[in-house]
Amino acid sequence: METLRQQVQTDVEKPFREKVLQVDAELEKSRSDYKKLKYDYTFLKSEYEHESSEHKRIIDELTLRYEAEVSSLNHYRWIVWIFTHGYFFGPRTDLISLLILLLLVLWQPCNLFKNNNNHNW
């Protein structure tokens with residue numbers, strides 16, 4: 001009688017044990033997939049932050065370069081304006097005019113001219 005009871009109990013428990021083992025295997029697979037996704041997410045987030053900071057750095061460099069170029073062009077525009085409006089006395093080819101031109105070219109944007117926007121170009 002005892003062996004029959006053991007046999008029935010084994011037969012009844014067998015499908016449940018198989019189901020528990022199957023669920024455990026699925027759970028382990030899901031954990032493994034979750035860990036892989038978490039690692040991938042962390043890696044991609046790190047890459048995004050790096051690329052984002054690199055992009056910001058490049059944009060800042062280009063902005064500074066652009067602003068320097070605009071400033072330089074404004075400086076040369078003032079030089080042309082001064083020469084075209086006859087602010088130099090005497091012939092423009094004399095030594096003093098050339099020295100003044102050289103000083104204007106070497107002396108980057110003049111604050112005196114930079115804030116004066118009353119002229120039509």
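The values are calculated or read from the model by the stated rules, or taken from the named source; none is laboratory data. This structure is a prediction, so every number in the text was calculated from the model and none was measured. Don't worry about glycine lacking a Cβ; one is built from the backbone with ideal geometry, like all the others, and counts go over all protein chains shown.
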Query raised in the report: Could you count how many residues in segment 13-39 are among the β-branched types (Val, Ile, Thr) and modelled with pLDDT of 95 or more?
Result: 1
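Being loosely packed, with under 10 Cβ neighbours inside 10 Å, among the polar types (S, T, N, Q) and either out of contact with any strand residue (DSSP E or B) (no Cβ under 9 Å at 6 or more places or on another chain) or modelled with pLDDT under 70 (or both) narrows it down to one of Thr84, Thr63, Thr42, so name that one. Working first, answer last.
Working: Thr63 fails: loosely packed, with under 10 Cβ neighbours inside 10 Å; Thr42 fails: loosely packed, with under 10 Cβ neighbours inside 10 Å.
When all the criteria are applied, what remains is Thr84.
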Query - Among the residues listed as His55, His75, the single one being closer than 18 Å to Leu103 by Cβ and either at pLDDT below 95 or not charged (D, E, K, R) (or both) - result: His75
